[in-house]
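All remarks here apply to the structure that follows.
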Amino acid sequence: MPDKKVIAIVGATGAQGGGLARAIAADSKGPFAARAITRKPDSEKARALAELGVEVVSGDADDPESLVRAMTGAYGAFCVTNFWEHFSAEREGAQATAMARATRKAGVQHVVWSTLEDTRKWIPLEDTRLPTLQGEFKVPHFDSKGRVDHVFAEEAAPTTYLLAAFYWENFIYFGMGPREDPSHELVLSLPLGGVKLPGIAAEDIGRCAHGLFRRGPDTAGRRFGIAGEVLSGTEMAAKMTHALGRKVRFQDVPFDTYRGLGFPGAEDLGNMFQFQAIRGDEFLRSRDPEASRSLNPELSDFDAWLETNAGRIPIA
């Protein structure tokens, strides 16, 4: 499609990048064509994108020159990293830096970088409210992205910063869904510290990124926090009750208890939830559903997400 502007998508077989690739493919009359960058062009997910008409090319975030090759000729680039693949903030930072530099070398005109806050700007390492993790971070999967923002600002093509919220898919894939207590009552247990939680359907993150590309490079330098809905734990439990047809009760877990659960990433996530609670309304204002809907008119709220996904939530 020579008349289309190509958007090169890092992580196109993942949740965020895949959502963007599918949004572009579904917008057949739109100005863009999707190019999926993946380490495994022959994977099932890559083949599924190809069947939608998405161009699939090889590229590896650990191989900077492969990124340059994969982005060359593209108008835009979507950059995202996956901390949970390896749990290394250092590796994530190196991958993000490689992506940023590749966009400029490839001559890309507009970048959307999926980032998060560097929490140390609010909670410095000497602040004992949050334990320091991996020697130099408070929330490693946040900080490792946020600390690379300056590289995108200084060494990348013009960059727009996209900040996602809590994925509701965590209730399906990350073991965060309701569990039966000894009395067989369903309990949704999260460490919210009494504050509300911005959440979003993973597919909508890519759709919001699509909206940013449609707005164009004039958004460069700006930060867009996105969410589908902002809810308290009790409100989430009530909506789950309706969708599941079983009573769900919310339990607000102490942060230290959650950090001590022992699963991979428990300390990181416990710090994340506490950071959000410490920032309170300021954090909520940074994830605005109405602004998100202006980027993505099809934005789902929690009820709409549950209508499609309630049956996929495992009940432990």
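The values are calculated or read from the model by the stated rules, or taken from the named source; none is laboratory data. Predicted model, so just to flag it, every value in this text is computed and none were measured. With ideal geometry, Cβ positions are generated from the backbone for all residues, glycine too; neighbour counts draw on all protein chains shown. Accessible surface areas use protein heavy atoms only, side chains included; no ligands, DNA or RNA. Shrake-Rupley method; radii C 1.70, N 1.55, O 1.52, S 1.80 Å.
Ranking TYR258, GLN109, ILE123 by how far each Cα lies toward the positive end of the dipole of the chain (charges on Cβ) leaves GLN109 at the top.
Take the chain with all the other protein chains still there, run a 1.4 Å probe, and you get 43 Å² of accessible area per residue.
Here the stretch 167-209 is assigned +1 on the Cβ of each Lys and Arg and -1 on the Cβ of each Asp and Glu. Its dipole about the Cα centre then comes out at about 180 debye. Entry note: the stretch 6-50 has Rg to Rh equal to 0.94, where both radii use alpha-carbon atoms and Rh is the Kirkwood radius.
With all projection directions averaged, the alpha carbon convex hull of the stretch 63-142 covers 5.8 nm². Computed per residue of the chain from DSSP H runs no shorter than four, each worth -39500 (n - 2.57), the mean residue ellipticity at 222 nm is -11500 deg cm²/dmol. When the chain is treated as a GNM with alpha-carbon contacts under 10 Å, the residue of PRO140, PRO31, PRO131 showing the greatest mean-square fluctuation is PRO31. Each Lys and Arg adds +1 at its Cβ and each Asp and Glu adds -1 at its Cβ; summed about the Cα centre, the chain shows a dipole of about 640 debye. For the residues GLY280, GLY206, GLY260, a GNM of the chain with alpha-carbon springs under 10 Å puts the largest fluctuation on GLY260. Reported value for the stretch 267-316: 124 Å³ per residue, from the convex hull of its C-alpha atoms.
Taking all protein chains in place and a 1.4 Å probe, what share, in percent, of the accessible surface of the stretch 2-47 do carbon and sulfur account for? The nonpolar share, carbon plus sulfur, comes to 50 percent. In the stretch 225-316, the ratio of gyration radius to Kirkwood radius, Rg to Rh, stands at 1.00 when only Cα atoms are counted. Secondary structure note: in the chain, about 15% of the DSSP beta bridges are antiparallel. Using bins of 10 Å that start at zero, the share of Cα-Cα pairs per bin across the chain amounts to 6, 27, 34, 24, 8, 1, 0, in whole %. Of all alpha-carbon pairs in the stretch 240-280, indicate the percentage at a distance above 11 angstrom. Roughly 68 percent, rounded to a whole number. The GNM of the chain, with springs linking C-alpha atoms under 10 angstrom apart, assigns the highest mean-square fluctuation among LEU162, LEU269, LEU133 to LEU133. Which percent, to the nearest 5, of DSSP beta bridges fully inside the stretch 74-230 are antiparallel? Here the antiparallel bridges make up roughly 25 percent for the stretch 74-230.
Note on the chain: Lys pairs 8 or more places apart or on different chains, Cα atoms under 14 Å apart, count 5.
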